[in-house]
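Here's the structure we're looking at; comments come further down.
Rule-based calculations on the coordinates, nothing more; no lab input. These figures come from a predicted structure and were not determined experimentally. Note that we place each Cβ from the backbone using ideal geometry, even for glycine, and neighbour counts take in every protein chain shown.
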Amino acid sequence: MKKYFILLFVLILFLILSAFSYAYAINENLSDNVFRLHVISNSDSKEDQDLKYKVRDSLIEYMESLTSNINTKEEVIKIANAHLEDFTNIAKRVIKDNGFNYDVKVEIGNFSFPTKQYGDISLPSGFYDALKVQIGEAKGQNWWCVMFPPLCFVDVTSGIVPEESKETLENNLNEEEYTLISNDDSSNIVNFKFKIVEFFENLGIKLANN
């Protein structure tokens, strides 16, 4: 009987390690191919929320003008770093033009993100490189999107992602990874795999925050 318990323990341990390795590999490659935007408002007041969206729109428009012909995440980050001061000045100008005197902090780094759906593309929680914008005290609601491939203008109510954005993702991910994040295949197996990635990444985020 003891031998069976040992075998069961080894089997469970193997399954856990395999699931962890799978989740890590998936998130690692997704993170390597995605550059995101994270904007945090000063507060949850209507005025601060409206201001957040105006800052967001101005930054996305500027980023689009810089990266419209760029095809890799590395190039996008390089350009964003080179224009970091411009992003800061644009945010400050929008804030001032709308009658506020909030300070703003703009930085590029690797940050934790919750699971988010963009049209018919779902990205699991995990750590992603991003342009992070904190307005004023940054105690309000977060706003998240993907700057590369460009998903920031996706109408989530329509559930449609531009084909060129899908192609960029598909070209940079393997078949398993792309199937996992797209809603083209909603089978139980794919959903289960997505939940595995989500579980281990959420666990990693909690451990990192403690």
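Descriptive notes on the structure:
- Cα gyration tensor category, rounded, prolate or oblate, for the stretch 15-92 with a/c compared to 1.5: oblate
- Gained length - N171 relative to K54, 0.36 nm times residue gap less alpha-carbon distance: 38.9 nm
- Extension gain (nm, one decimal) between E47 and E85, 0.36 nm per residue minus Cα-Cα: 11.2 nm
- Cross-link pairs exceeding 30 Å in C-alpha to C-alpha distance, out of K46/K105; K46/K73; K46/K78; K105/K195; K92/K116; K96/K132, comprise K46/K73; K46/K78; K105/K195.
- Note on T115/I70: beta-carbon distance plugged into 1/(1 + (r/R0)^6) with R0 of 41 Å gives a FRET efficiency of 0.95.
- Ordering C145, C152 from the fewest to the most neighbouring beta carbons within 10 Å gives C145, C152.
- Most positive-pole-ward Cα, I60, N81, F127, against dipole of the stretch 1-132 from beta carbon charges: F127
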